[in-house]
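Novice: Sharing a structure below in C-alpha cells format, with a few things to ask.
The values are calculated or read from the model by the stated rules, or taken from the named source; none is laboratory data. All figures in this text were calculated on a predicted structure; none of them were measured in a lab. Note that we place each Cβ from the backbone using ideal geometry, even for glycine, and neighbour counts take in every protein chain shown.
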C-alpha cells in the first residue's frame, strides 16, 4: 500500500525536485487569482459600486484580455532570457495591483488595474509550464502537468474558502484584496528562490525521439554550406519563425483552447451569487462547498495524469471533456448540495483528466526550442475565450437569468469535446 502511494504521489517529485516548489507556487498564486475572479470582484463591484454583472464580466475580461495579448510575447521571451525573470516580474505586478484596487475610487480605474494584473499572470503561467517541459521526460509529461492541474484545483478550492473567512471576519469585501496581495507576495518569494537544471538528455532517453533527432542531424548535414549561410531578410526570418507556431495540428489545438475557455469563464461572474442567491447557501457554508470537492479532485489529479499517459492523451481528453460537459448541463437542475456537490466533483475530475493530457499533447506538437512560444500562443487562444466568456456569461445572467450562463458553458465544453474527437490524433509516444 505504502509502495503504491509512493509511486503514485511522491516518486514524480523525487525524480524532478523542481516540481514541488512550483506546485506550491501555483497553489498560492491560483488562490489569489481565484479569490479575485470568482469571489472578490463580483462581491466588491456589485456591492460597493452597485454595478451589474455585465460590468463584472468586463472587469474579468480586462484581466484575461491582457493575459491573452502578453502570453505569446512573454512565452517567447522566456525562451530567450529564461523562465525565472518572467515569473518574478509577473508576481511583482500581481502583488501591487490588488492594493491599488482596494483604494481605487473609480470603477474604470479598476479595469486598468485588472489589465496590469493580467500581464503578471501572462508572465507566470507559460514560464511554469515551460519549466515542466524542460526538465521532465516526455513520457511522463502528462503526469508532471497533472501536478500543476492538481495545484490549480487546490488553489481554486482554497481561494473562496479564504475569501469567505475574510468576509466573515471583516464584513467588507475590500479586505479580500489585501489577502490577495499577500498571497502573490508569497508566490514572488518562491519564484525568486526556486532553482532547477534543464535536462537536454530528457529527449534523447526516448527511442522515438532519438530516432527523430538522428533524422534531423542527417537533414542538417545535407544542407549545402552556401544555402545554410544565405542572408534572408530579417523580416522574412521572423515570419518563418512565427509560421512554426502554426504547423501541423497546432491551429486546431489553439481553437480548442479558445472554445474551452469560453465555456469555463462564462461562469466566473455569477458562480458565487448563484450559490448564495439561487441555492440559498450561506457565506459560512461556502468553504465546505469548495474545499471538499477541491480536495477530492486534488487527490485524483496525479493518478488521472498517469492514466492519461497509459491510455493515450486523445482518449483522456475525450473522456474528461465528456464528464465535464455532462455535469455542467445538469448543474442548473441541482438546487441543493446533495446534487450540486457531486456534479461539481465530476466537472473538476473531467478537467483534471482532460487538460493535462491536452497540454502534454501540445508540448509534443511544439517545434524544437519553441515550447515557451507555443504555450504563449495557446495562452492567446485561451485568452480570446477568457475575454468573451465572462462578458457573455454576465450578459446572459442580466438578460435571461442565473441558469443561462450554465447552458452557455455546457454548449462550448461539449463543442470542445467534439473537436477532440475530430482533430486530435494519437501520439506516437502514447502507450510507449
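Novice: Hey, could you check the range 411-432 for residues that are at negative phi and not in a helix (DSSP H, G or I) and say which is modelled with the lowest pLDDT?
Specialist: 432
Novice: Of all residues in the range 354-364, count the ones that are modelled with pLDDT under 85 and closer than 13 Å to residue 301 by Cα.
Specialist: Residues flagged as modelled with pLDDT under 85 and closer than 13 Å to residue 301 by Cα within the range 354-364 amount to 3.
Novice: Does residue 89 satisfy the condition of being surrounded by fewer than 21 Cβ atoms within 10 Å (Cβ to Cβ), under 20 Å from residue 382 (Cβ atoms) and at pLDDT 90 or above?
Specialist: The answer is no for residue 89.
Novice: Report yes if some residue within the range 133-141 is out of contact with any helix residue (DSSP H, G or I) (no Cβ under 9 Å at 6 or more places or on another chain), more than 19 Å from residue 184 (Cβ to Cβ) and not in a helix (DSSP H, G or I); otherwise report no.
Specialist: no
Novice: Among 306, 314, which is the only one that is buried (at least 20 other Cβ atoms within 10 Å of the Cβ) and in contact with a helix residue (DSSP H, G or I) (Cβ under 8 Å, 6 or more places away or on another chain)?
Specialist: Criteria check complete, one pass: 314.
Novice: When residue 194 is evaluated against the numbered criteria (1) closer than 24 Å to residue 387 by Cα; (2) in contact with a helix residue (DSSP H, G or I) (Cβ under 8 Å, 6 or more places away or on another chain), which criterion, by number, is the only one it fails?
Specialist: Status for residue 194: all satisfied but (1).
Novice: Can you tell me which residue in the range 315-353 is farthest from residue 259 (Cα to Cα), limited to those that are outside any helix (DSSP H, G or I) and in contact (Cβ under 8 Å) with a residue 40 or more places away in the chain?
Specialist: 336
Novice: Take the residues in the range 242-277 that are at negative phi and not in a helix (DSSP H, G or I); name whichever of them is surrounded by the fewest Cβ atoms within 10 Å (Cβ to Cβ).
Specialist: Going through the qualifying residues, I end up with 247.
Novice: Could you please tell me which pairs satisfy a Cβ distance under 7 Å, a separation of 6+ or placement on different chains, a first residue in the range 356-370 that is surrounded by 24 or more Cβ atoms within 10 Å (Cβ to Cβ), and a second residue that is part of a loop (DSSP other than H, G, I, E, B)?
Specialist: Final answer for the pair search is 361/424; 361/427.
Novice: Then there's this: Every residue in the range 167-190 that is over 25 Å from the mean Cα position of the chain (by Cα) and closer than 22 Å to residue 50 by Cβ, please.
Specialist: 167, 170, 171, 172, 173, 174, 175 - these are the residues of the range 167-190 that are over 25 Å from the mean Cα position of the chain (by Cα) and closer than 22 Å to residue 50 by Cβ.
Novice: Tell me, please, whether a residue that is farther than 18 Å from residue 371 by Cβ and crowded, with 21+ Cβ neighbours inside 10 Å can be found in the range 120-141.
Specialist: Scanning the range 120-141 turns up at least one residue that is farther than 18 Å from residue 371 by Cβ and crowded, with 21+ Cβ neighbours inside 10 Å.
Novice: On the given criteria, is residue 408 part of a helix (DSSP H, G or I), at pLDDT below 85 and buried (at least 17 other Cβ atoms within 10 Å of the Cβ)?
Specialist: no
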